[in-house]
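The values are calculated or read from the model by the stated rules, or taken from the named source; none is laboratory data. The shown structure was predicted, so the numbers you read here are calculated from the model rather than taken from an experiment. Counting neighbours? That spans all protein chains shown, and the Cβs are built from the backbone with ideal geometry, glycine included. For the accessible areas, the whole protein counts, side chains as well, though only heavy atoms, and no ligand, DNA or RNA atoms are used. Shrake-Rupley method; radii C 1.70, N 1.55, O 1.52, S 1.80 Å.
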Amino acid sequence: SEMCIRDRYRHVVKTYVLDAKACLMPQSRGGLMLLNWAKQNPDRVQCVAGIYAVCNIESYPGVARASGAYEMTTEDLRAQLPKHNPTENVKPLVDAKVPMLFVHGDSDTVVPIEKNAGLFVERCRALGSDAKLIMVSGRGHEVCPEFFESTEYIEFLLSQGNSLRSTKQ
């Protein structure tokens, strides 16, 4: 139940001396899970720093393939897509002023940038967010230093962590 989850959350935060706000780092299909959690819990999100994150169920994995994970028929998921699709649920994160940065290859054919992080960031900006998108030229859906060792990406995460530490002291 929802209350049980909240109790576990409080227990983990207290027991392990964690900050109450998480820095979410969605990668690939993890974008669907983390961005949907974030829209339901924007007050618990310090920042979002995605790497070729899936932000659009229609793009990847596709409604038919995703329906089983949502325990729905393809038709039911298609009808409820606005509720479950991160690209259609940016407002809670924008309203909460959650800092967001995405790194995505311009040659990604598995999770195309324009239908995923590109569209997500565009919709965030349309609502007043300063969400950022770093496009990596010539890279696709792959593990490479340009994604995981991006100076801007690492500095973004460190700046979020540092802002948390400075508010606690």
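Backbone phi angles across the range 23-28, fed through the Karplus curve with coefficients 6.51, -1.76 and 1.60 (θ = phi - 60°), yield HN-Hα couplings of 8, 8, 10, x, 10, 6 Hz in residue order; Gly and Pro are listed as x. In this label model, Lys91 and Gln40 are separated by 1.9 nm, measuring between points 7 Å along each Cα→Cβ vector. Quotient of the Cα radius of gyration of the chain and 2.2 N^0.38 Å, N being its number of residues: 1.06. Using alpha carbons only, how many angstrom separate the centre of the range 118-148 from the centre of the range 23-80? After rounding, the separation between the Cα centres reads 16 Å. In the context of the full set of protein chains, residues of the chain present 55 Å² of accessible surface per residue (probe radius 1.4 Å, heavy atoms only).
Note on Cys23: accessible area is roughly 50 Å² with a 1.4 Å probe, heavy atoms of protein only. With θ taken as phi - 60° and the Karplus curve 6.51 cos²θ - 1.76 cosθ + 1.60 applied, the whole-hertz 3J(HN,Hα) list for the range 138-145 is x, 10, x, 8, 8, 8, 7, x Hz, x standing for glycine and proline. Ligands, DNA and RNA left out, the 1.4 Å accessible surface of the range 62-160 is 52% carbon and sulfur atoms. Cross-link reach is defined here as a Cα-Cα straight distance under 17 Å, omitting same-chain residues fewer than 8 places apart; for Lys91 the lysines meeting it are Lys39, Lys83, Lys132. Computed from backbone phi with θ = phi - 60° and the Karplus coefficients 6.51, -1.76 and 1.60, the 3J(HN,Hα) list for the range 67-78 is 4, x, 5, 9, 6, 9, 6, 4, 5, 5, 5, 4 Hz; x is used for glycine and proline. Taking label positions 7 Å along the Cα-Cβ direction at both Arg78 and Cys23, the computed distance is 4.2 nm, reported to one decimal. Only protein heavy atoms count here; under a 1.4 Å probe, Arg78 has an accessible surface of about 130 Å².
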